[in-house]
Amino acid sequence: MKIGQLSELTGVSTETIRYYEKQKLLPMPTRLANNYRSYDQSHVERLTFIKNCRAFDMTHEEIHQILDEVNAPSTSDCRPINHIIQQHLLHLEARIEELMDLKDRLTAIEQRCRRVHTADQCTIIEDISKLDAMPTRTTHVG
């Protein structure tokens, strides 16, 4: 199948498919005589896996690590993959805490503005402007 068909089947844009190929997340397809890329079912499965990992907010590095474990010739068990997932869960917990803090701060600001004002007198704008610098978002490598 051509890249457009792969894109339609998976819901992943052609630009993203090409990017994943360059990042070596997706195996390079064979080339047809006209130099078009030719994908098969294994590409659909891999791209679906990548898309689902990204939906879990996994980084490209985490996905690479998982795929490296899967493709390793002597992989005896899934402990390394489980470790990657455990580390990602820790990241998600930290991110959830950050988001809850942001929600609490913004809710407090919104509750202080219960009267209708003109936009240039909106206390929300003033309150946000007076906040201490927002905490830097916790992220993970990749």
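The values are calculated or read from the model by the stated rules, or taken from the named source; none is laboratory data. Note that the structure is predicted; figures quoted are calculated from it, not measured. Cβ sites come from the backbone with ideal geometry, for glycine too, and all protein chains shown count toward neighbours.
A few remarks follow.
- Filter pass, residue 98 being of a type in the set (Asp, Glu), assigned to a helix (DSSP H, G or I) and in contact with a Pro (Cβ under 8 Å, 6 or more places away or on another chain): yes
- Among the residues of the range 1-24, just one is exposed (fewer than 11 other Cβ atoms within 10 Å of the Cβ) and not in a helix (DSSP H, G or I), namely 11.
Results for (1) of a type in the set (A, V, I, L, M); (2) out of contact with any Cys (no Cβ under 8 Å at 6 or more places or on another chain); (3) under 21 Å from residue 12 (Cβ atoms), shown as yes or no for each residue.
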site: 28; (1), (2), (3): yes, yes, yes
site: 64; (1), (2), (3): no, yes, yes
site: 78; (1), (2), (3): no, yes, no
site: 86; (1), (2), (3): no, yes, no
site: 92; (1), (2), (3): yes, yes, no
site: 116; (1), (2), (3): yes, yes, no
site: 119; (1), (2), (3): yes, yes, no
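- Scan of the range 64-109 for residues that are among the acidic types (Asp, Glu) and either surrounded by 12 or more Cβ atoms within 10 Å (Cβ to Cβ) or not assigned by TED's automatic domain parsing to the domain that holds residue 124 (or both), ordered by number: 68, 69, 77, 98, 101
- Of everything listed in (1) aliphatic (A, V, I, L, M); (2) at pLDDT below 95; (3) in the same structural domain as residue 7 (by TED's automatic domain parsing), the single unmet condition for residue 47 is (2).
- Matching residues, the range 25-69, being among the small types (Gly, Ala, Ser) and either part of a helix (DSSP H, G or I) or out of contact with any strand residue (DSSP E or B) (no Cβ under 6 Å at 6 or more places or on another chain) (or both): 33, 42, 55
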